[in-house]
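The values are calculated or read from the model by the stated rules, or taken from the named source; none is laboratory data. If you're wondering where the values come from, they're calculated on a predicted model, not measured in any experiment. Cβ: placed from backbone, ideal geometry, glycine included. Neighbour counts: every protein chain shown. These area figures cover heavy atoms from the full protein model, side chains too; ligands, DNA and RNA do not enter into them. Shrake-Rupley method; radii C 1.70, N 1.55, O 1.52, S 1.80 Å.
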Amino acid sequence: MATQHSRSAARLMMAPAVVLLLGWMLIPLTMTLYFSFKKYLPMRGGDLGWVGFDNYVRFVTSSSFWPSVMTTLIIVGGVLAITVCLGILLALLLNQPMWGQGFVRILVIAPFFVMPTVSALVWKNMFMDPNYGLFAHLWEFFGATPVQWMSQASLSSIIIIVSWQWLPFATLILLTAIQSLDREQLDAAEMDGAPVTKRFAYITLPHLGRAITVVILIQTIFLLSIFAEIFVTTGGAFGTKTLTYLIFQRVLESQNIGLGSAGGVYAIILANIVAIFLMRIVGKNLDA
């Protein structure tokens, strides 16, 4: 049992890290709140004084606000659906004995370590280019007209690119969960004559419930702030402007720090709403 002295020593050793983390989080948040109540235009007059909640009203009443929120949620939902479904399928396949199993797993996980800007540029120029991309050649081979991915299917393109990046993460978590499944349950069900589909639906899938919840929670937190893939592909055009990209436009392109800060506060509120909703789901699954 830890003594009072050892507990005090532990708190003392942890204090520098805690202070650093609190400063890392609270200082940017405080500055965001501070500037959100001011009219601050660095290249057009600087600090023009306090404006109260005017920045919040202007941002939320902007014609781009609600479409950007909807676009953000569509991208998050689309990526989650693809990564969870394909992640389960890949995890089941990788769990089967095969030649070179370790090498195949490394290949599957590799995309997760590629920078978002790099992967987005690779998809844009090597796969989705309407003139020289791989998909264009496939379309022409079958006698079809190549798709202008970045204009005709812009939102779908972003979802595909981001899903490719996050699929290895989902696969790794789900594969770990499958490997922890008691093999005796599956063997007993097989001996009782249960088909593969029922063994998956009544044994494997319920066992993956917690892992799926963790994948959804972690991915959602990061997907709500998606930016790089949109910046290097569509530039926010053709209906791909997310809330994060809208804030970027207000801060850097319009040089309106106050308006962008108000948008940042809205982004924090949206992230917390989604996080609370998902945490309730996580809590129910963990208690089950």
Next on the checklist: Exactly one of these conditions fails for ASP129: (1) open to solvent by 80 Å² or more (accessible area, probe 1.4 Å); (2) assigned to a loop (DSSP other than H, G, I, E, B). Give me its number.
Outcome noted: (1)
Checklist entry - Can you name the residue in the range 249-278 that is more than 18 Å from MET70 (Cβ to Cβ) and under 18 Å from the mean Cα position of the chain (by Cα) and, of all such residues, is surrounded by the most Cβ atoms within 10 Å (Cβ to Cβ)? => result GLY264
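Would you mind stating whether ALA136 is buried (at least 16 other Cβ atoms within 10 Å of the Cβ) and more than 24 Å from ILE226 (Cβ to Cβ)? Talk me through it step by step, then tell me what you get.
On the way: buried (at least 16 other Cβ atoms within 10 Å of the Cβ): yes; more than 24 Å from ILE226 (Cβ to Cβ): yes.
Taking the combined requirement at face value, the residue satisfies it.
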Next on the checklist: Step by step: first the residues of the range 185-214, then only those that are surrounded by 15 or more Cβ atoms within 10 Å (Cβ to Cβ) and part of a loop (DSSP other than H, G, I, E, B), then the one that is modelled with the highest pLDDT. Which residue is that?
Outcome noted: LEU208
Checklist entry - Just wondering, is there one or more residues in the range 17-31 that are hydrophobic (A, V, I, L, M, F, W, C) and surrounded by 11 or more Cβ atoms within 10 Å (Cβ to Cβ)? => result yes
Next on the checklist: Checking SER62 against (1) open to solvent by 60 Å² or more (accessible area, probe 1.4 Å); (2) under 27 Å from ALA267 (Cα atoms); (3) outside any helix (DSSP H, G or I), only one condition comes out false. Which one?
Outcome noted: (1)
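Yes or no: the range 100-107 includes at least one residue that is open to solvent by less than 80 Å² (accessible area, probe 1.4 Å), farther than 22 Å from ILE216 by Cα, in a helix (DSSP H, G or I) and of a type in the set (A, V, I, L, M).
First, pick out the residues of the range 100-107 that are open to solvent by less than 80 Å² (accessible area, probe 1.4 Å): 100-102, 104-105.
Restricting the remaining residues to those that are farther than 22 Å from ILE216 by Cα gives 100-102, 104.
With the extra rule that they be in a helix (DSSP H, G or I), the set shrinks to 101-102, 104.
From the residues that got through so far, the ones that are of a type in the set (A, V, I, L, M) too are 104.
Scanning the range 100-107 turns up at least one residue that is open to solvent by less than 80 Å² (accessible area, probe 1.4 Å), farther than 22 Å from ILE216 by Cα, in a helix (DSSP H, G or I) and of a type in the set (A, V, I, L, M).
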Checklist entry - Just for the range 32-55: of the residues that are out of contact with any Gly (no Cβ under 9 Å at 6 or more places or on another chain) and among the aromatic types (Phe, Trp, Tyr), which one is least open to solvent (accessible area, probe 1.4 Å)? => result TYR34
Checklist entry - Inside the range 135-152, can you point out the residues that are aliphatic (A, V, I, L, M) and either modelled with pLDDT of 85 or more or part of a helix (DSSP H, G or I) (or both)? => result ALA136, LEU138, MET150
Next on the checklist: Going residue by residue through the range 218-230, is there one that turns out to be assigned to a helix (DSSP H, G or I), touching a residue at least 40 places away in the same chain (Cβ under 8 Å) and polar (S, T, N, Q)?
Outcome noted: yes
Checklist entry - Looking at ALA120, is it in contact with a Gly (Cβ under 6 Å, 6 or more places away or on another chain), assigned to a helix (DSSP H, G or I) and either farther than 21 Å from VAL79 by Cα or of a type in the set (A, V, I, L, M) (or both)? => result no
